[in-house]
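The values are calculated or read from the model by the stated rules, or taken from the named source; none is laboratory data. Since the model is a prediction, treat every value here as computed from it, not as a measurement. Counting neighbours? That spans all protein chains shown, and the Cβs are built from the backbone with ideal geometry, glycine included. We work out accessible area using only protein heavy atoms, side chains counted, and drop any ligands, DNA or RNA first. Shrake-Rupley method; radii C 1.70, N 1.55, O 1.52, S 1.80 Å.
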Amino acid sequence: MSIFKTLLAMALLLLSCAAVSASIQVQAVSPHLHILTGKDYGTNIGLVETPSGLVLIDPMPGEQYLAALEKAIQAINRKPVTHVFNTHAHTDHTGGNAYFISRGAQLVTGEMRQFGLFHHAVKSHTTTDNIYYHKPSNAIFVGDVFDTSWHPTFYAGGVAGFNNAIDTVLRIGDEQSLVVPGHGVATDKASLRRFRKNTLEWVDTIRLLSMQGLSIEQIMTNKKVIDLVERFNLSGKSPFLPQKAYQRFIERTIQVIERERGSV
Ligand SMILES: [Zn+2]
């Protein structure tokens, strides 16, 4: 190969690496665990290395970034992807399953204790939220039970389901455990406790204001409600929520409150 061709090949390789790193962010948690994050949904994707192959949790970086995800995985470890796990059924978490299954991976719900992967099922964000604990890395993948880049979404389990889900996560591992939300930066149990406190305060406030007969529009402009929702803005976005999402969050919270009142 001529020097020119070698240089060109090197330049192309560098460019493709840059493209991968531009669309997929990689965080090394331990020698056996990485978190990869795609640009589209910002879903936290777990990459667990086992002696027999690679295990992925929620491998969905966005449809057009699946090949880039595969490249990013191969840059870490060239073993085949043998198993795929999902924290819940939403497409921003499951959308990449078919891609990896077509390349030989198997979809699994449950545990792989031999590789230190433990499973708990709760009901909060959806009717089945799977929590995966990778014990060798002391990292807990909690899916959308917890989010550090969005408001809480406890619509399937209501307040009781949400509380139970958070209690379940808090019982796993220890105080040093890394808590990996479905989206947003991975954090710790102290942050999860604050998230619970803020969520319960949010629900109580919306309950009170809606009992006082305030309309959705009035609730949206209430100072306390505005301050409360901003507490979930851990990534400092401005504005944090589009108006439509903000309105929907209030409406769905009221639905949860009415459903729980009806079931008492
Ligand atoms: Zn999600």
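Given H placed 1.01 Å from N in the peptide plane, which residues other than close sequence neighbours of Val81 have an amide H under 5 Å from its amide H?
Amide H neighbours of Val81: Leu54.
For Gln247 and Ser52, what is the calculated FRET efficiency with R₀ set at 35 Å and r taken between the beta-carbons, to the nearest 0.05? Please list the in-between numbers first.
On the way: r = 48 Å, r/R0 = 1.38.
E between Gln247 and Ser52, to the nearest 0.05, is 0.10.
Given the DSSP H assignment, sum -39500 (n - 2.57) over each helix run of at least 4 residues in the chain and divide by its residue total; what's the result at 222 nm in deg cm²/dmol, nearest 500?
Details: 9 runs with 112 residues, N = 264.
For the chain, the value works out to -13500 deg cm²/dmol.
Excluding the sites themselves, what is the longest stretch of the chain that contains no trypsin sites (Lys or Arg not before Pro) in a DSSP loop with at most 16 other C-beta atoms within 10 Å?
Result for the longest clean stretch: 104-230.
In a shell of Cβ-Cβ distance under 14 Å around Gly157, excluding Gly157 itself, what net charge do Lys and Arg (+1) and Asp and Glu (-1) give?
In short, 0.
Which residues' amide hydrogens lie under 5 Å from the amide hydrogen of Gly143, considering only partners 5 or more residues apart or on another chain, with H built in the peptide plane?
Gly182
So if R0 is 45 Å, what FRET efficiency would Glu260 and Gln25 give, r being the distance between their Cβ atoms, rounded to the nearest 0.05?
0.75
Which parts of the stretch 233-264 would a label at Ser215 reach, counting a residue when its backbone N lies under 20 Å from a point 7 Å out along Cα-to-Cβ?
The answer is 243-255, whose backbone nitrogens lie closer than 20 Å to the label point.
If you average 1/r over every pair of different alpha-carbon atoms in the stretch 182-254 and take one over that average, what Kirkwood value in Å do you get?
Across the stretch 182-254, the inverse of the average 1/r is 13.1 Å.
Over the stretch 21-263, with the other protein chains present, what is the accessible area per residue in square angstrom, probe 1.4 angstrom? Mind dumping the intermediate values first?
Numbers: 10950 Å² over 243 residues.
Heavy-atom accessible area per residue stands at 45 Å².
Starting from the Cα-Cα distance between Asp40 and Glu63, subtract it from 0.36 nm times their residue separation and give me the gain in nm to one decimal.
7.4 nm
Determine the equivalent ellipsoid of the chain by diagonalising the alpha-carbon gyration tensor, then write out the semi-axes as square roots of 5 times the eigenvalues, largest first, rounded to whole Å.
Result for the chain: semi-axes of 38, 22, 15 Å.
First select every other residue whose beta carbon is under 15 angstrom from the beta carbon of Arg259; then total the charges, Lys and Arg +1, Asp and Glu -1.
Working: positive: Lys123, Arg207, Arg252, Arg261; negative: Glu251, Glu258, Glu260.
Result for the local shell: +1.
Among Glu111, Glu70, Glu217, whose mean-square fluctuation peaks in a Gaussian network model of the chain (Cα, cutoff 10 Å)?
Per the Cα network of the chain with a 10 Å cutoff, Glu217 tops the list.
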